[in-house]
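The values are calculated or read from the model by the stated rules, or taken from the named source; none is laboratory data. None of these values were measured; they are calculated from a predicted model. With ideal geometry, Cβ positions are generated from the backbone for all residues, glycine too; neighbour counts draw on all protein chains shown. SASA here: full protein model, heavy atoms, side chains in, ligands and nucleic acids out. Shrake-Rupley method; radii C 1.70, N 1.55, O 1.52, S 1.80 Å.
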Amino acid sequence: MSPSDTHDVHTLTGAYATDALPEAERRAFEEHLGDCPSCRQEVAGLVATAARLGVAAAAPAPPAMRERVLSQISTVRQVSPVVARLEDVRADIPWFRQPLAVAASLLLVLTIGLGVFAATERQRANDAEQTAARITAVVMDPDRREATQPVSSGGSGTVVMADDRAVFHAAGLPELPSDRAYQLWRIDKAGAHSLGVLGRGGDRSLQQFVEHVDSADKLGLTVEPSAGSKAPTTTPVLVLPMPA
Amino acid sequence: MRAATASNETVAHMPLLRRVPAPPALNERTSPEELLARVALGDVPAFELLYDRVASTVFGVVRRMLRDPAQSEEVAQEVMIEVWRTATRFDADRGSASTWILTMAHRRAIDRVRSSQASHDREQRVAHRDHTPAYDDVVEQVETHLDAEQVRRCLGQLTDLQRESVTLAYYNGHTYREVAELLDTPLGTVKTRLRDGLIRLRDCMGVES
Ligand SMILES: [Zn+2]
């Protein structure tokens, strides 16, 4: 062996970015990347550079390939966004279990929301992720129950419940004047308890994680002054009993 | 009676409800990153648009490495299906959509190149110094395409050893050991040339680092 064989591991960034490391060395270098921020940063730039070399090799793909790919994807199940993003819940979710349609649509909303947060504020992203993990646990629960109802003013509300936790999701809500907002309530024998207010603006869907719900409870949605009310002041646009 | 789920204070600053923006309509200017985000939601029209943006680069890089058109098509097809399948794993913080997809294509082609018989044949070729000079190949085959022009110009600014190391590794899929043997150069030197060659390309192409 020549002395150069024992060369500094940090010089492997180029070989890594061009995929010139044999499998075992590639894995070892990826482990090194985990501990070495400067290699990580350099690799990001060099991998992007190598990809530009790839772009330069562009050649028209056979037209038949497009048809084949498009027909094949209809049979290929996508990797779950939740499993990909939320490591902490992965172990609890049987991978083979497909969410029902309603639950799946909640997961999609969840992913969009996480994306928005991840791009902006890290701390809130962490909070969002924590909430997302709890939402996911409900939505993926094998024993969950679901119910959907139209909102009287337009759109629909859905609740997914597991044990004493629930996720509420509304979509297609009509836009409100700037001094009004939707407010969500948990309704039990004692009355209506506020769960929060949807902020101003043109957003037309929202979701909420709710704890300590009873199967006899209902969720209500009302239109309130934008700061929110201590108790409902208008007729609810939606009253949704917990699913049996 | 159980505790109330939210106190009155939470009403004022509404910390709990998350607002979800409606996705914008797709068009020619939708970025590949946005398209990929939509693909992650199972959006087929977004996937078709993404396919039309990247299929030629995926196919091109695979064919450059594998040569055989039928095998290249098979691998490129697998790559595009993998894009569909794993779009949820794409992390925009770690690089662009194009880099993500091209990296996947390159890895797949490498796997094919290095598997079983193919790999044996290559070792033979390497042993007999039976290879076409990679750079001439690049110059000959690249289309008169802005990216290709830039790559060609930037490759031209490398030293011979940097350029040959980078092209043998990237376009021909050789390991750095094979490159060292092909160029009759010590391993450590090849590692360094791969690195400083790519760094020079990065700076020449203005890739953010
Ligand atoms: Zn390092």
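Take the residues of region A:44-56 that are aliphatic (A, V, I, L, M), assigned to a helix (DSSP H, G or I) and over 17 Å from B:Ala92 (Cβ atoms): which is farthest from the ligand (Cβ to nearest atom)?
A:Val55
Please count how many residues of region A:13-27 are part of a helix (DSSP H, G or I), under 33 Å from the mean Cα position of the chain (by Cα) and at pLDDT 95 or above.
Total satisfying the criteria: 3.
So that you can scan it fast, the table gives a plain yes or no per residue for (1) modelled with pLDDT under 80; (2) of a type in the set (Ser, Thr, Tyr); (3) not in a loop (DSSP other than H, G, I, E, B):
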residue	(1), (2), (3)
A:Val160	no, no, yes
A:Ser178	yes, yes, no
A:Ser215	no, yes, no
A:Ala227	yes, no, no
A:Thr234	yes, yes, no
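Going residue by residue through region A:156-173, is there one that turns out to be closer than 24 Å to A:Ala133 by Cβ, surrounded by fewer than 18 Cβ atoms within 10 Å (Cβ to Cβ), away from every other protein chain (no Cβ under 13 Å) and in contact (Cβ under 8 Å) with a residue 40 or more places away in the chain?
no
Of the residues that sit in region B:38-81 and are within 7 Å of another protein chain (Cβ to nearest Cβ) and among the polar types (S, T, N, Q), which one is surrounded by the fewest Cβ atoms within 10 Å (Cβ to Cβ)?
Filtering region B:38-81 for residues that are within 7 Å of another protein chain (Cβ to nearest Cβ) and among the polar types (S, T, N, Q), the one surrounded by the fewest Cβ atoms within 10 Å (Cβ to Cβ) comes out as B:Ser56.
Restricting to region A:47-57, name every residue that is touching an Asp or Glu at 6+ places or on another chain (Cβ under 7 Å), open to solvent by 10 Å² or more (accessible area, probe 1.4 Å) and of a type in the set (A, V, I, L, M, F, W, C).
A:Val55
Can you work out which of the residues in region B:155-202 that are more than 9 Å from chain A (Cβ to nearest Cβ) and charged (D, E, K, R) is surrounded by the fewest Cβ atoms within 10 Å (Cβ to Cβ)?
This residue is B:Asp184.
Residues in region B:133-143: is at least one farther than 27 Å from B:Pro186 by Cα, modelled with pLDDT under 90 and open to solvent by less than 70 Å² (accessible area, probe 1.4 Å)?
Looking only at region B:133-143, we keep the residues that are farther than 27 Å from B:Pro186 by Cα, and these are B:140-143.
Pick out the ones that are also modelled with pLDDT under 90 and you get B:140-143.
Now drop any that are not open to solvent by less than 70 Å² (accessible area, probe 1.4 Å), which leaves B:142.
Taking every residue of region B:133-143 in turn, at least one turns out to be farther than 27 Å from B:Pro186 by Cα, modelled with pLDDT under 90 and open to solvent by less than 70 Å² (accessible area, probe 1.4 Å).
Take the residues of region A:11-30 that are more than 16 Å from the ligand (Cβ to nearest atom) and more than 7 Å from chain B (Cβ to nearest Cβ): which is surrounded by the fewest Cβ atoms within 10 Å (Cβ to Cβ)?
Across region A:11-30, the extreme among qualifying residues is A:Ala24.
Write out, first by first residue and then by second, each pair whose Cβ atoms fall under 7 Å of each other, whose residues are 6+ apart or on separate chains, and whose first residue, in region A:31-54, is more than 7 Å from chain B (Cβ to nearest Cβ) while the second is modelled with pLDDT of 95 or more and away from the ligand (no atom under 11 Å from the Cβ).
A:Val43/A:Ala17
Are any residues in region B:84-100 at pLDDT 90 or above and either touching a Lys or Arg at 6+ places or on another chain (Cβ under 6 Å) or facing another protein chain (nearest Cβ under 9 Å) (or both), and if so, which ones?
Hits for region B:84-100 are B:Trp84, B:Arg85, B:Thr86, B:Ala87, B:Ser96, B:Ser98, B:Thr99, B:Trp100.
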